[in-house]
Each structure stands twice: as C-alpha cells, then as structure tokens.
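Visitor: Pasting a structure below so you can have a look.
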Amino acid sequence: MPAFQKEWTTTLEESRKTFSLAGLYEVVQVWQTRVAQCVQLIIQGYYDVGYRPIFVPVDSAPARVDFILARISAPPATSHT
C-alpha cells in the first residue's frame, strides 16, 4: 500500500522530531477505518449481485470445510433417463 507507506513515513519523521506518537496513532486509526470500509463495500457488492457470503470462523482447515459444507445447498438432483 504505497499511500499508507507514504503517510506512515511522513508521520514517522514528524514523530521523531516532536517525540509524540499521536500522529502515528492517528494514521493507524484512519487506515483501519479505510480497510474496514473496503471490506464492507466488498461484502455489500456480493449481496447486491445476489450472493450470500459465508463468514467462516478461524479454525482448523477441516473444521472450516465442515462449516462451509454445512451451510451451502447442493443443486437439485436431475434424472438422466
């Protein structure tokens, strides 16, 4: 993230001159908010086009697979007669 890096570097230099971490905390807060907003926009985009996102908890890989499979519906069976 070049924009974050630029903002962080500029604020870090200022922090070294003023011996204050306030600017660095502010940069982190602003970017955490931006990232959270991006995630929400992505999720909303999925809903807008008709998908139902599955929010998978942090767990072992097999447990995550079981969690997902328990929540998805299989396509209707078709007969080939």
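The values are calculated or read from the model by the stated rules, or taken from the named source; none is laboratory data. Every value quoted in this text rests on a predicted model; they were computed, and no experiment measured them. Glycine also receives a Cβ, built like all others from the backbone with ideal geometry; neighbour counts cover every protein chain displayed.
Visitor: Yes or no: V49 out of contact with any Ser or Thr (no Cβ under 8 Å at 6 or more places or on another chain) and either in contact (Cβ under 8 Å) with a residue 12 or more places away in the chain or surrounded by 10 or more Cβ atoms within 10 Å (Cβ to Cβ) (or both)?
Guide: Working: out of contact with any Ser or Thr (no Cβ under 8 Å at 6 or more places or on another chain): yes; either in contact (Cβ under 8 Å) with a residue 12 or more places away in the chain or surrounded by 10 or more Cβ atoms within 10 Å (Cβ to Cβ) (or both): no.
Here the answer is no, as V49 does not meet what is asked.
Visitor: Moving to a separate point now. If we keep just the residues of segment 15-43 that are hydrophobic (A, V, I, L, M, F, W, C) and more than 19 Å from Q5 (Cα to Cα), which is nearest to the chain's Cα centre (by Cα)? Walk me through it before giving the result.
Guide: Of segment 15-43, the ones hydrophobic (A, V, I, L, M, F, W, C) are 19, 21-22, 24, 27-28, 30-31, 35-36, 38-39, 41-43.
Checking the rest, the ones that are also more than 19 Å from Q5 (Cα to Cα) come to 19, 39, 41-43.
Values: F19: 32, V39: 4, L41: 10, I42: 9, I43: 9 Å.
Per the stated criteria, the residue is V39.
Visitor: List the pairs whose first member sits in segment 1-25 and is more than 22 Å from C38 (Cβ to Cβ), whose second member is of a type in the set (S, T, N, Q), and whose Cβ atoms are under 7 Å apart, counting only residues at least 6 apart or on separate chains?
Guide: Partner pairs satisfying both residue conditions: L21/S15; G23/T11; G23/S15.
Visitor: Oh, and also: I'd like the residue in segment 35-81 that is in a loop (DSSP other than H, G, I, E, B) and of a type in the set (S, T, Y) and, out of all such residues, is modelled with the highest pLDDT.
Guide: My answer is S60.
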